[in-house]
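The values are calculated or read from the model by the stated rules, or taken from the named source; none is laboratory data. Keep in mind the model is a prediction, meaning the values are calculated, not measured. So basically every Cβ, Gly included, is an ideal-geometry build from the backbone, and we count neighbours across all protein chains shown.
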Amino acid sequence: MNPQAQRLREVRQAYARLLLRGQACFARWFPEHMLARLPGAVRVRQLKRLVAGRLFPPGMNWVQVQDGFGKGLWLEVDLITERSWCRGKHEPAIQQAVRQLTGPGTVFYDVGAHIGSYALPAARAGAQVIAFEPDPENASRLRAHVHRNQLQDGIQVVQAAVWSRHQGNISFRRGLPRSQGGVSWQDHHPILASGEVIEVQVCSLDDFVRSGAPAPNIIKIDVEGAESEVLKGASDVLQTHRPALIVEVHTASELVLVKEILQGPVYDTTWDTPPEGFPLTCFAVPCRTEPKIPSRTTNLRAPKRVVGDRFSSRSLGHTLYLRILDSRK
């Protein structure tokens, strides 16, 4: 890169950082619940989007994550449509759980890794990360992020959809934005995906481990509506290696299937449900043999957010960590 192009790149990055910091300050001073009470709240939100669209530089820009588990890591994002990934405040309970469970000596499977929001910081923390991402554009960006953050020794990117069968191809509907894509097969369809349908390679976690890969200590699953198929293809891994699980469930039908798979003597589950209902997050830990930890789940018919100090969304990550340590004594 010539000096002029390098200088222009640095200026764009500095400008983007300044805008992101300004937006973060605005969000602290005028949170959404406050703006919602103002007369003409809809127009205020429209004005915010219009101003952001005019001020933020178009195209892809390298920026550092501002907060959360990935703070300080470099991501190349579209600041007009993908600012949430560089703010670092998304899914706080999942961030906390992954932060506390990953470290030197742990093996972390990130199923549906997207551009690396969890894979990158987990690798930086010392975990051995295997990131599964079927969308070719996402996988390419993830590899670029791994290289930029010098985490090549900690992350293996597997460009494949994780499924219940171990080989072949399957239809995948791409998302717009790309984070919303998922396998489109029989009754399984990504809820929000509206892009083109492509063929992608599939693999199962059981077959992946049998091929010689290290068995996981923790698995995060976010595949936009086919979570049960991932778990079906990991039955041996769950029974033999008993990793901790963090599973985002996107539909009522998948909620029933995932609950059926995880019920029984192997896993104890805790469900975190947002006010809007979906996606729910399942935190599952292996049960102790004696005595068995009682199961704590939300009501499937009318799910409610788990409350109280021990099982609040804020403390779910810490609770999960303590219960895994307890189960392995």
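For the range 167-178, give me the residue count where each residue is at pLDDT 75 or above and outside any strand (DSSP E or B). Let's see the steps before the verdict.
Of all residues in the range 167-178, those at pLDDT 75 or above come to 167-176.
Cutting the leftovers down to outside any strand (DSSP E or B) gives us 167-168, 174-176.
Here the count works out to 5.
In the range 251-280, what count of residues is obtained for those that are farther than 18 Å from Pro190 by Cβ and among the hydrophobic types (A, V, I, L, M, F, W, C)?
The number of residues fulfilling the criteria is 5.
Restricting to the range 261-294, what's the tally of residues that are in a helix (DSSP H, G or I) and either under 22 Å from Gln180 (Cβ atoms) or modelled with pLDDT of 95 or more (or both)?
Qualifying residue count, the range 261-294: 0.
Filtering the range 210-233 down to residues that are crowded, with 19+ Cβ neighbours inside 10 Å and among the hydrophobic types (A, V, I, L, M, F, W, C), which residue is nearest to Pro136 (Cα to Cα)?
Checked the range 210-233; the qualifying residue nearest to Pro136 (Cα to Cα) is Val223.
Quick test for you: out of Asp187, Asp222, pick the one residue that is in the same structural domain as Gly116 (by TED's automatic domain parsing), touching a Gly at 6+ places or on another chain (Cβ under 9 Å) and not aromatic (Phe, Trp, Tyr).
Testing whether each residue is in the same structural domain as Gly116 (by TED's automatic domain parsing), touching a Gly at 6+ places or on another chain (Cβ under 9 Å) and not aromatic (Phe, Trp, Tyr) leaves just Asp222.
Yes/no per residue for (1) closer than 26 Å to Pro274 by Cβ; (2) touching a Pro at 6+ places or on another chain (Cβ under 9 Å); (3) free of Cβ contacts under 8 Å to residues at least 12 places away in the same chain:
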{"residue": "His90", "(1), (2), (3)": "yes, no, no"}
{"residue": "Gln96", "(1), (2), (3)": "yes, no, no"}
{"residue": "Thr102", "(1), (2), (3)": "yes, yes, no"}
{"residue": "Arg124", "(1), (2), (3)": "no, no, no"}
{"residue": "Glu133", "(1), (2), (3)": "yes, no, no"}
{"residue": "Asn169", "(1), (2), (3)": "no, no, no"}
{"residue": "Gln186", "(1), (2), (3)": "no, no, yes"}
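Counting only residues that are crowded, with 19+ Cβ neighbours inside 10 Å and not polar (S, T, N, Q), how many does the range 179-205 have?
Qualifying residue count, the range 179-205: 10.
Quick one: is Ser253 small (Gly, Ala, Ser), over 25 Å from Arg174 (Cα atoms) and over 17 Å from the mean Cα position of the chain (by Cα)?
no
Which of (1) free of Cβ contacts under 8 Å to residues at least 12 places away in the same chain; (2) in contact with a Leu (Cβ under 6 Å, 6 or more places away or on another chain) does Asn149 not meet, given it meets every other one?
(1)
Kindly indicate whether Ala144 is under 20 Å from Leu245 (Cβ atoms) and either assigned by TED's automatic domain parsing to the domain that holds Val230 or in contact with a Ser or Thr (Cβ under 9 Å, 6 or more places away or on another chain) (or both).
Details: under 20 Å from Leu245 (Cβ atoms): no; either assigned by TED's automatic domain parsing to the domain that holds Val230 or in contact with a Ser or Thr (Cβ under 9 Å, 6 or more places away or on another chain) (or both): yes.
In short, no.
In the range 255-265, is there at least one residue being within 16 Å of Phe108 (Cα to Cα) and touching a Ser or Thr at 6+ places or on another chain (Cβ under 9 Å)?
no
Please return the ranges of helices (runs of 4 or more DSSP H) entirely within the range 184-255 where 2 or more residues are β-branched (Val, Ile, Thr). Steps first, please.
Numbers: elements: 205-210, 227-232, 235-240.
It comes to 235-240.
Would you mind finding the one in Gly116, Gly103, Gly72 that is surrounded by fewer than 21 Cβ atoms within 10 Å (Cβ to Cβ), assigned by TED's automatic domain parsing to the domain that holds Val209 and part of a loop (DSSP other than H, G, I, E, B)? Explain how you work it out, then say what you get.
Working: Gly116 fails: surrounded by fewer than 21 Cβ atoms within 10 Å (Cβ to Cβ); Gly72 fails: assigned by TED's automatic domain parsing to the domain that holds Val209.
None of the other options fit; the residue is Gly103.
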